[in-house]
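Please read the structure below before turning to the comments.
The values are calculated or read from the model by the stated rules, or taken from the named source; none is laboratory data. This one's a predicted model, so the numbers in the text were calculated from it and none came from an experiment. Here the Cβ positions follow ideal geometry from the backbone for every residue, glycine too, while neighbour counts run over all protein chains shown. For accessibility, only protein heavy atoms count, side chains too; no ligands or nucleic acids. Shrake-Rupley method; radii C 1.70, N 1.55, O 1.52, S 1.80 Å.
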Amino acid sequence: MKNRFFVQIAFIPLIFALSSCGAFGAYSLLFGEEDVESRYSSFTDKSCDALKPENLASLGLTKYSGILIADPHFGSSETRHEDTFYEWLKNYYDTADATKKPRFLVCLGDTADSGKKGQYEDFNSFAAKVKEIAKEKLSLSSTDEFPVYNVLGNHDLYDTDGWKHYKELIYPYTSTYFFTVGKFRFYTIDTGSGSLGEDQLKDFEKLLAADPSPKAVLTHYPIYAGGILVFAIHDTYERNRILTACAKHNVKQIFEGHQHTPNDYTDFGSFQEHIIGSFLYNRKCSIITLDESTNSITHTRLDY
């Protein structure tokens, strides 16, 4: 215990010198959160009925869209802009064509600024308002779903009980899962500690190899970050295994957060990597459009 205290004290200057999301979230050294090997058990199917192929087909569409945000950091002292986003979203639904109207939302991590329960509750209030707007604009019934999925970020672990609160409060209550959108499959990986760990990585590789669907991968830490490696997974062997699995097994896009500033895509030939930019600090979001006729996923980054 005494040794841990002195290690923590020694790291304090480094902690405050780092950016809010840099270097594996060094601020988390002040806490005792579980590592990824402790959090990981399996990938679970969290598909919802509204996004299943038969239900999307009933809309008469072969193209459909979702909205991505990253790094909302609820609990931060930064001036918030949710009311502006709600008005922007209403206008977007009113002006976008049917193929561009979002039918789901994914938050790519750092839902909370320091992993405290009230911060997750604030995010859930935000998600409820987004669902309310989407249901009205899409003319959904009270029983129809507008799913809001989440990715675990490093700031979500910045409290002794950060992971506990996350898995109790934040849908879908796990950090490793997949879900279906029409004929596409989205895989959500846990990089909240800056690494997948060996068990998760092996299962990720096996799942991708067994699944012929066109795919997207969702992660908080960037895999490559366009070469800005201070923000990326640092283990080059792990990073290369992830990119190799994506290249071999029909991944179309990787979508990421963490860096805050958006990054133009890195093109790996058969797929691309996109860093979305921070919902809070840069007021960014993205519309992704899935096209069943071409098996492609396109991406448009927007200011709100």
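Which angle from 0 to 90°, rounded to the nearest 10, does the C-alpha axis of helix 236-248 make with the longest principal axis of the chain?
10
What does the helix-only formula give at 222 nm for the chain: each DSSP H stretch with n ≥ 4 adding -39500 (n - 2.57), the total divided by the residues, and the result rounded to the nearest 500 deg cm²/dmol?
-9500 deg cm²/dmol
Once you sort the root eigenvalues of the Cα gyration tensor of the stretch 168-296 as a ≥ b ≥ c, which label holds: rounded (a/c under 1.5), prolate (a/b larger than b/c) or oblate (the other case)?
Rounded, because the longest to shortest axis ratio a/c is under 1.5.
Keeping all protein chains in position, work out how much accessible area E78 exposes to a 1.4 Å probe, and write it in Å² to the nearest 10.
Rounded to the nearest 10, that gives 80 Å².
What's the angle, to the nearest 10 degrees (0 to 90), between helix 117-137's Cα axis and the longest principal axis of the chain?
Once rounded, the angle reads 10 degrees.
With the chain treated as a Gaussian network of Cα nodes joined by springs under 10 Å, which of K137, K248, K117 yields the largest mean-square fluctuation?
Per the Cα network of the chain with a 10 Å cutoff, K248 tops the list.
Going by alpha carbons, how many degrees (0 to 90, nearest 10) lie between the helix axis of 82-95 and the longest principal axis of the chain?
Value to nearest ten degrees: 20.
With unit charges on the beta carbons (Lys and Arg positive, Asp and Glu negative) and the dipole taken about the Cα centre of the chain, which residue among S42, P212, S77 sits farthest to the positive side?
Positive-most Cα among the choices belongs to P212.
Bin by bin, in steps of 5 Å, what percent of the Cα pairs in the stretch 66-105 do you find, going until the bin that has the longest distance?
Histogram of Cα-Cα distances, whole percents per bin: 6, 19, 24, 24, 14, 9, 4, 1.
What percentage of the solvent-accessible surface of the stretch 154-216, computed with a 1.4 Å probe over protein heavy atoms, is contributed by carbon and sulfur atoms?
49
Calculate the all-directions average of the projected area of the stretch 237-304's alpha-carbon convex hull, and give it in nm².
Projected area, direction-averaged: 5.1 nm².
Charges only on Cβ, +1 for Lys and Arg, -1 for Asp and Glu: so what's the dipole of the chain about the Cα centre, in debye to the nearest 20?
The dipole of the chain has a size of about 320 debye.
Remind me, what semi-axes does the stretch 172-224 give for its equivalent ellipsoid, largest first in whole Å, using sqrt of 5 times each Cα gyration tensor eigenvalue?
19, 13, 10
Near K100, which lysines are there with a Cα under 24 Å away, not counting those fewer than 8 places off in the same chain?
Cα-Cα hits under 24 Å: K46, K52, K63, K90, K129, K131, K135, K137, K183, K215, K252, K284.
List the relative contact order of the chain as a percent without decimals, with contacts defined as Cα pairs under 8 Å and 6+ residues apart.
22
Please name which of W88, G269, Q119 has its Cα lying farthest along the dipole of the chain towards the positive end, using unit charges on Cβ (Lys, Arg +1; Asp, Glu -1) and the Cα centre as origin.
Of the listed residues, the answer is G269.
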